[in-house]
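Notes for the one structure printed next.
The values are calculated or read from the model by the stated rules, or taken from the named source; none is laboratory data. All of these numbers come straight from a predicted model, not from anything done at the bench. Counting neighbours? That spans all protein chains shown, and the Cβs are built from the backbone with ideal geometry, glycine included.
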Amino acid sequence: MTAEISRLMELVDAAADEVVRLTQDLVRIPTVNFGTPESGDEMAAATFLRDKLAEDGIDATIYAASENRGNLVATLGDGNGPRLLFMSHTDVVPVEDPDQWTYPPFSGEIADGRIWGRGASDMKGTVAAQAMALILLKRAGVPLKGTLTFATCADEEAGGAYGFGWMAKHHPDVLRADFAVNEGGGGPVRHDGRLIYPISTGEKGRLEIHIRIRGRGWHASQPWRADNAIYKAEEVIRRIRAWRPEVSTRAEIFQHLDTLAGITEPVTDENIDQVLAELEKRNPNLASMLRAASRMTLVATMIQAGVKSNSVAEACTIICDVRSLPWQDVEYVRSQVAGILEGLDGVSFEVIETAVSNASPYDSPFREAVEAATRDAIGVDDIAFVPGISVGFTDSRFVRPLGNVTYGFVPSAPTDDPSRSGAHNINESIGIDSVIAATKFHVALAYRLLTRTS
């Protein structure tokens with residue numbers, strides 16, 4: 001770590017309270033995305049961030065995909081060098097039952113060294129870290145060559161049609177960069193006392209399956225005259241639960257399990273489940289991630305049936321979430337679902353692809369800068385890195401086709417427990433140490449890639 005980077009890390013520490021307050025302020029803005037065009041209300045967060053950046057003389061532009069769907073972009077640098085993009089999103093998933101939360105879901109409460117609330121982990125902590133990275137670089141007077149762009153957009157939780165997807169279609173030059181970092185990875189693994197950080201270079205695809213079951217309705221007082229679609233759905237659900245996916249160890253991460261978990265035996269498609277069963281005993285989080293990286297997942301997530309309580313349902317719809325591996329295209333998924341539903345009368349289905357699997361190269365000069373910036377942020381030199389894959393989908397799929405080498409990577413503090421993040425769940429939170437580490441990482445990454453002396 002150079003003396004200048006050390007000084008910048010100290011500046012982040014001195015601004016820790018401000019970083020935390022910004023995270024809290026963002027959590028308190030209920031940018032809830034129900035998946036409808038009129039939901040999200042990200043304009044409120046975009047306006048708030050624009051005003052925050054303006055206090056330090058940083059101009060930001062809000063690109064409105066619609067009246068309430070705000071996408072904020074701010075830049076630093078002289079434009080004469082590499083281009084680096086910080087990516088994040090301001091929308092959050094809904095809260096199903098606030099009464100199940102220990103702290104109110106939009107309170108931004110601080111307790112147990114964590115900031116609590118919907119979106120704290122996914123991903124307003126990172127939004128705050130990226131915004132503060134620009135602010136602190138500006139305050140420090142760091143001369144950036146090239147262009148540092150901070151883009152925090154709407155609608156990621158519903159597929160990005162009003163966020164990065166809309167921006168890539170209507171304003172691609174604003175997002176085009178040599179390198180980009182986004183959500184998708186950064187949780188450390190410990191093995192033999194050493195820290196290992198997987199760098200997510202790509203992500204699985206995401207599809208929805210809409211299964212429609214047709215029956216025959218009747219008055220509920222004479223149910224034997226009906227063909228109850230809800231009862232017919234029982235067999236569909238049973239088959240979905242009984243389905244077993246094809247297992248694959250093609251992902252590059254499986255070539256590095258010796259570093260990641262001390263697994264020295266060759267890992268194959270045939271023995272991976274046995275290997276993961278043993279690993280789960282000592283590291284359940286890692287075993288779960290590797291299980292997701294080695295197979296397509298298909299799970300029923302929503303069911304809709306009936307129009308009134310005194311009428312037998314004549315139709316039922318089951319919606320399933322699918323996360324596919326890079327080599328599994330729409331036709332592959334369609335064949336799997338057809339096999340599940342084979343022979344069932346009155347049952348049809350539709351496959352809707354919402355995110356194509358995508359990746360950037362692991363062997364890249366960008367990786368060296370990401371690794372060095374992580375060591376700067378964590379304050380530890382003895383860190384190992386391995387290639388990873390994000391088992392969820394992100395907005396990275398919109399900027400990789402623009403030529404951006406994009407990593408899903410924001411390092412968490414090694415003192416944090418990733419199992420407590422609760423993203424998309426009750427009691428979502430983020431460790432304060434991780435918000436500070438994320439801020440340091442973005443500051444160090446920009447410095448290493450974009451300064452005149454780097």
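Of (1) buried (at least 18 other Cβ atoms within 10 Å of the Cβ); (2) more than 28 Å from HIS191 (Cβ to Cβ); (3) β-branched (Val, Ile, Thr), VAL435 satisfies all except one. Which?
Unmet condition: (2).
Do any strands (runs of 3 or more DSSP E) lying entirely in region 78-182 carry at least 1 residues that are within 22 Å of LEU402 (Cβ to Cβ) and among the polar types (S, T, N, Q), and which ones are they?
Working: elements: 83-89, 109-111, 114-116, 147-153, 179-182.
Ranges flagged: 83-89, 147-153, 179-182.
Select from region 216-253 the residues that are over 15 Å from CYS316 (Cα atoms), modelled with pLDDT of 95 or more, hydrophobic (A, V, I, L, M, F, W, C) and out of contact with any Leu (no Cβ under 7 Å at 6 or more places or on another chain) and list them in ascending order.
ALA220, TRP224, ALA242, VAL247 - these are the residues of region 216-253 that are over 15 Å from CYS316 (Cα atoms), modelled with pLDDT of 95 or more, hydrophobic (A, V, I, L, M, F, W, C) and out of contact with any Leu (no Cβ under 7 Å at 6 or more places or on another chain).
Residues are listed down the side, and each one gets a yes or a no for (1) part of a loop (DSSP other than H, G, I, E, B); (2) acidic (Asp, Glu):
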site: VAL12; (1), (2): no, no
site: VAL20; (1), (2): no, no
site: ASP25; (1), (2): no, yes
site: PRO30; (1), (2): yes, no
site: LEU49; (1), (2): no, no
site: GLY57; (1), (2): yes, no
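Name the pairs whose Cβ atoms lie under 7 Å apart, with the first residue in region 263-288 and more than 18 Å from ARG190 (Cα to Cα) and free of Cβ contacts under 8 Å to residues at least 60 places away in the same chain, the second surrounded by 13 or more Cβ atoms within 10 Å (Cβ to Cβ) and aromatic (Phe, Trp, Tyr), and 6 or more positions between them or separate chains?
Listed pairs, sorted by first residue: VAL267/PHE254.
For region 379-393, state whether one or more residues are touching a helix residue (DSSP H, G or I) at 6+ places or on another chain (Cβ under 7 Å), buried (at least 19 other Cβ atoms within 10 Å of the Cβ) and either among the hydroxyl-bearing types (Ser, Thr, Tyr) or in a loop (DSSP other than H, G, I, E, B) (or both).
There is at least one residue in region 379-393 that is touching a helix residue (DSSP H, G or I) at 6+ places or on another chain (Cβ under 7 Å), buried (at least 19 other Cβ atoms within 10 Å of the Cβ) and either among the hydroxyl-bearing types (Ser, Thr, Tyr) or in a loop (DSSP other than H, G, I, E, B) (or both).
Give the residue, chosen from ARG375, ARG367, ARG400, that is of a type in the set (D, E, K, R), modelled with pLDDT of 95 or more and in contact with a Ser or Thr (Cβ under 6 Å, 6 or more places away or on another chain). Write out each step before concluding.
Details: ARG375 fails: in contact with a Ser or Thr (Cβ under 6 Å, 6 or more places away or on another chain); ARG367 fails: in contact with a Ser or Thr (Cβ under 6 Å, 6 or more places away or on another chain).
From the options ARG375, ARG367, ARG400, the qualifying one is ARG400.
May I ask you to say which residue of GLY146, GLY113, GLY159 is touching a residue at least 24 places away in the same chain (Cβ under 8 Å) and either under 18 Å from ASN68 (Cβ atoms) or of a type in the set (D, E, K, R) (or both)? Walk me through how you get there before you give the answer.
Details: GLY146 fails: either under 18 Å from ASN68 (Cβ atoms) or of a type in the set (D, E, K, R) (or both); GLY113 fails: either under 18 Å from ASN68 (Cβ atoms) or of a type in the set (D, E, K, R) (or both).
After applying the criteria, what remains is GLY159.
I need every pair where a residue in region 232-252 that is in contact (Cβ under 8 Å) with a residue 12 or more places away in the chain and loosely packed, with under 12 Cβ neighbours inside 10 Å has its Cβ under 9 Å from the Cβ of a residue that is among the hydrophobic types (A, V, I, L, M, F, W, C) and part of a helix (DSSP H, G or I), sequence separation at least 6 or different chains.
none
Pairs under 8 Å by beta carbon, first residue on the phi > 0 side of the Ramachandran plot in region 422-445, partner assigned to a helix (DSSP H, G or I) and of a type in the set (Ser, Thr, Tyr), six or more apart or different chains?
Pairs found: GLY422/SER121.
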